[in-house]
Structure formats: C-alpha cells, structure tokens
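The structure under discussion appears below in the form of structure tokens.
The values are calculated or read from the model by the stated rules, or taken from the named source; none is laboratory data. Source: prediction; values computed, not measured. For neighbour counting, all protein chains shown are included, and Cβ atoms are generated from backbone atoms with ideal geometry for every residue, glycine included. These accessible areas exclude ligands, DNA and RNA; they are computed on the full protein's heavy atoms, side chains included. Shrake-Rupley method; radii C 1.70, N 1.55, O 1.52, S 1.80 Å.
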Amino acid sequence: MTEVPTLAQLARQLGAELRLAPGADASGLVSGLNTLQDADTSQVSFLASAAYRRFLPGTRALAVLISSDMASECPVSALVVDNPYHAFAQATALFDRAPKPSAGIHPAASVHPDAEVHPRASIAAGAVIEAFARVGADASIGANCVVGEGSEIGEGSRLYPNVVVYHGCSVGRNCIIHSHAVIGADGFGFAPYERQWVKIHQLGGVEIGDEVEIGAVTCIDRGALGNTVIGNGVKIDNQVQIAHNVRIGDYTAIAACSAVAGSAVIGKHCTLAGGAGVVGHVTVADGSHITARTLVTKSIDRAGSYSSGTPFSDSRSWRRNAVRYGQLDQMARRLKELEVQLEQLAHRGD
C-alpha cells in the first residue's frame, strides 16, 4: 500500500470487524504497526498471545488487532479478527516500504549472450548471469549475485545482494533468498583411500519449489547424484546447513543454526527449532516438531514433539550431574544384577 490508509480502509483490507472506541474516528490515518507497549496514537498493534495481555490496558495504539473473546478488554478501537497474528502478518505487507527494484539490466551487470532474462526482470550492478541461465518475469537479482550456468530463477523471485546459485539449480516462483546464501555448493562427499580422501564429484543439483524463503548465510548443497529438493512454501532461517540429497517437504520451517545431514528426509509441515540437528539417512514424519538443540539420531515415524539434551542449571549442579551421566552404564548393570538377585530370592520364597 503506497498511501497511508484510514482505519476503515485497513479494516476492509484485513476483513476485520471495526469496533470504534468512544470518540474514535474511522477516518483516522494509520501510520504503521507497533507493539502494544510502544504503539502511538496513529499506529495499529495486535494481541495474539495471552502472555502480552498485560500490556493491553495501557496501550496508546489507534487500534488493536484482537480476537472476539478479548475485544471487550480493549481500551481503544478494536479490529476484531479470527486470528490476530495472521491478520498482523497480512498488515505488514500493506506497510512494507522495502525498495522495489526496477526492471532492466544494469550496465555494470554481466549477462552471458546465451542467458535468457525476461524483459520485466531486474539485474543489479555486479550481478553475473552465466550461459543458459534463465531469469523469469518480475524476478530480481541483487548486486553481486551469481546465477550459474543452466540455472533457473522463477517468476517473481528475489535474490538479495551476494547470493550465489551454482550451475544446474532451479529456484521456483516468488521465492526470497537473503544475502550470502549459497545454493548448490558441493556436498561433503569424500571416499577414504590409503589414508587420504578422494573427492566424490557432486553430479546432482538443487531443486527449490515455489514461495520458499531462505535466510542469510544459509547453505543448501547440491546432490551427489540426484537433486537436493526443497518443497513448496518451505521457510529456512539464517545460518542453516542443508546437506546433499536432503529432501524437505512442503511448508516445513527450519529455524536458525539448524543442520540436516546428507540424504535425510524431512516431511511436510514439520518445524525444526533453533540449533536442531538431523543425522543422515533418517526420515522425519510429516507434522513433527523438533525442539531447540535436539539431535535426531533415528527415524521418526509418527507426528509429535521430540526433544533431546538437558536443560541448563547452575554450573556446580551441572558438573555433579555430568559425573553421574558418565556412571549411567555402570548403574544400569548394577540394577540388572539386583533385579536378577531379587528374582532368585523370590523363587526361593516359593
């Protein structure tokens, strides 16, 4: 939205029921969005979690996106919706002021004569489009990006500055890839031979679906033989490692600093919280939730929430417990011996 909307216009855009506070005016202009505690009298806020309910009575916002069950507590105008967080996400698009690149090829870009760039695509200064690469309509290739030989960037997708897409990779429609992400680097493939390592050349590519977002400094390796595959609607945070031949199902989300080892298969609609790890050659069922810092060491065959590791504690207690962890095997053997002895005593009693 380029013009500042009124409260009534915003309500229509979001499909919200507008309940005006006493003395409020539906023609009041909305300058932007902010939190309950920081919003001023020209901004709209939202309440999506009961944890923030305590900030509602003191808010100075022009209006609040809120569910019907809490609307009666709102001291300012209420924009009543079924899902306030979803409505907030929609509203952010209306107020997004990120610069929109203009179509055309910058004189300082390098586009190979055998590349195919749609007239409505934008190629920024310093970008390199190699032979037989294709860039679709309304796609944007940022400054100093590289699109490798034979790779394809789909319609409406945006590569922020310094993204590298190696040869033989495909990016679907309406994707976003943030700066310094690397798509299609070689997977970690080496064969041991006579106490040395022999490189296994990675012959596959990377196939990324539609409406995927990939965070900054994330690496997605090309397949050793077949492709590494990222499904439609997948969201990958910053500093994530996706190894060769991994397959990630549609609409899965992976938070920062997570890593998925080679040939693992992550199902649809899964979530991996920050710092999670998945070892190679395992499968994670659709709808699984992996909590922060969890290491998945074997396949998960049904949806659920899965955790591993130990929570933090004060250092003195942690050190004592760490010693006990090292004694668990010995304790298990002693427990087994005691169970045998108890069973023998029970037989004697009979």
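Inspect region 50-72 for any residue being under 17 Å from ALA93 (Cα atoms), open to solvent by less than 70 Å² (accessible area, probe 1.4 Å) and part of a loop (DSSP other than H, G, I, E, B) and give the result as yes or no.
no
Look through region 4-20, keep the residues that are closer than 21 Å to ASN83 by Cα and among the hydrophobic types (A, V, I, L, M, F, W, C), and return whichever of them is nearest to the chain's Cα centre (by Cα).
Top of the filtered list is LEU14.
For a quick check of your reading: which strands (runs of 3 or more DSSP E) sit entirely within region 139-235 and have at least 1 residues that are without any contact (Cβ under 8 Å) to a residue 60 or more places away in the chain and surrounded by 20 or more Cβ atoms within 10 Å (Cβ to Cβ)?
Working: elements: 182-185, 190-193, 196-199, 206-208, 219-221, 228-230.
Filter on region 139-235 gives 182-185, 206-208, 219-221, 228-230.
Can HIS347 be described as open to solvent by 60 Å² or more (accessible area, probe 1.4 Å) and either in a helix (DSSP H, G or I) or out of contact with any helix residue (DSSP H, G or I) (no Cβ under 7 Å at 6 or more places or on another chain) (or both)? Spell out the reasoning first.
Numbers: open to solvent by 60 Å² or more (accessible area, probe 1.4 Å): yes; either in a helix (DSSP H, G or I) or out of contact with any helix residue (DSSP H, G or I) (no Cβ under 7 Å at 6 or more places or on another chain) (or both): yes.
Here the answer is yes, as HIS347 does meet what is asked.
On the basis of being farther than 28 Å from ARG302 by Cβ, out of contact with any Asp or Glu (no Cβ under 8 Å at 6 or more places or on another chain) and among the basic types (Lys, Arg), does ARG247 make the cut? I'd like the intermediate steps shown before the answer.
Details: farther than 28 Å from ARG302 by Cβ: no; out of contact with any Asp or Glu (no Cβ under 8 Å at 6 or more places or on another chain): yes; among the basic types (Lys, Arg): yes.
No; evaluated as a whole, the condition is false for this residue.
Check GLY280 against each of (1) in a loop (DSSP other than H, G, I, E, B); (2) surrounded by fewer than 17 Cβ atoms within 10 Å (Cβ to Cβ); (3) without any contact (Cβ under 8 Å) to a residue 24 or more places away in the chain and name the one condition it does not meet.
Failed condition: (3).
Among the residues of region 211-224, count how many are within 15 Å of GLY189 (Cβ to Cβ) and either at pLDDT below 95 or touching an Asp or Glu at 6+ places or on another chain (Cβ under 8 Å) (or both).
2
Filter region 163-219 down to residues that are within 17 Å of the chain's Cα centre (by Cα) and small (Gly, Ala, Ser), then give me how many there are.
Selection size over region 163-219: 6.
Mind listing whichever residues of region 75-109 are touching a residue at least 60 places away in the same chain (Cβ under 8 Å) and part of a helix (DSSP H, G or I)? Walk me through how you get there before you give the answer.
Taking region 75-109 as the starting set, the residues that turn out to be touching a residue at least 60 places away in the same chain (Cβ under 8 Å) are 77-81, 87, 90-91, 94-95.
Hits for region 75-109 are ALA87, GLN90, ALA91, LEU94.
Among (1) within 17 Å of ILE66 (Cα to Cα); (2) surrounded by 14 or more Cβ atoms within 10 Å (Cβ to Cβ); (3) of a type outside the set (A, V, I, L, M, F, W, C), which single condition is ASP38 missing?
Evaluating ASP38 over (1) within 17 Å of ILE66 (Cα to Cα); (2) surrounded by 14 or more Cβ atoms within 10 Å (Cβ to Cβ); (3) of a type outside the set (A, V, I, L, M, F, W, C) leaves (2) as the failure.
Among the residues of region 110-124, are any closer than 16 Å to ARG173 by Cβ, in a loop (DSSP other than H, G, I, E, B) and either acidic (Asp, Glu) or in contact with a helix residue (DSSP H, G or I) (Cβ under 7 Å, 6 or more places away or on another chain) (or both)?
No, the conditions are met nowhere in region 110-124.
Select from region 90-137 the residues that are open to solvent by less than 70 Å² (accessible area, probe 1.4 Å), closer than 16 Å to GLY150 by Cβ and hydrophobic (A, V, I, L, M, F, W, C) and list them in ascending order.
Selection gives VAL111, ALA115, VAL117, VAL128, ILE129, ALA131, ALA133, VAL135.
Suppose we filter region 258-277 for residues that are part of a loop (DSSP other than H, G, I, E, B), open to solvent by 30 Å² or more (accessible area, probe 1.4 Å) and under 15 Å from ILE220 (Cβ atoms); how many remain?
Of the residues in region 258-277, 2 are part of a loop (DSSP other than H, G, I, E, B), open to solvent by 30 Å² or more (accessible area, probe 1.4 Å) and under 15 Å from ILE220 (Cβ atoms).
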